[in-house]
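The values are calculated or read from the model by the stated rules, or taken from the named source; none is laboratory data. Remember, it's a predicted structure, so these values are computed and weren't measured experimentally. Cβ sites come from the backbone with ideal geometry, for glycine too, and all protein chains shown count toward neighbours.
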Ligand SMILES: [Zn+2]
């Protein structure tokens, strides 16, 4: 068990419609918010919101409490966020539901979806940092997002798996590929993990070369996106075709090619930065 956690500090409750919210004193809406996970699912109210209130929506065992975040990523002060890992999914409460984190993109606000992803990454970090990699000692929470070894003092923060994704265009065509590990029949963009000692731009060039045998130029940053499946950061780029004919990396890709705006294949999920990159191109002549 970790060091004892404080009770979630009181803070502004965004989830005013939640039936779990207790009556606030003096007309104020105050309370904690609860990001509770089990087997990749997150606990939501029946209405599809983050549970909110002065007490957790279900009774939590001490070992189910992972960490408490005092602030939202945008710096909202005083909002207590309790992150938890449930031993069993909640299936017997008509006012609550469990839902895969990915699906919540379509239900939660953009801010809450990103916050839920951060909490899921902290749960993953917690599950994978029980003991010190240096001396084998017990790791305990040091700050709300980091741990320290009880024996040797080594500090540890969640490590991100950084990946690039790139939109390559040639005239009025876009390069799209289908990988063997895609869950459905959608086509995406060339992507891959950044290797140690490599710049992001070098990674973009390497991945395009490895997957398609194409040379590219004019690499430009587009945007980035946390990808909490389980703990990633996607960094999006655009680039122009330079030379070569497509030769697909068969071990990774099952299909790929150049597509025009009026002949696009099945697109990635709107929650992905791939979708944003493609739609940004498709909406411009
Ligand atoms: Zn240690």
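Table for the structure above
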| read-out | value |
| --- | --- |
| Flag if residue 199 is out of contact with any strand residue (DSSP E or B) (no Cβ under 6 Å at 6 or more places or on another chain) and either at pLDDT 95 or above or assigned by TED's automatic domain parsing to the domain that holds residue 41 (or both) | yes |
| Residue in region 106-129 that is free of Cβ contacts under 8 Å to residues at least 40 places away in the same chain, within 15 Å of the ligand (Cβ to nearest atom), under 17 Å from residue 159 (Cα atoms) and not in a helix (DSSP H, G or I) present | yes |
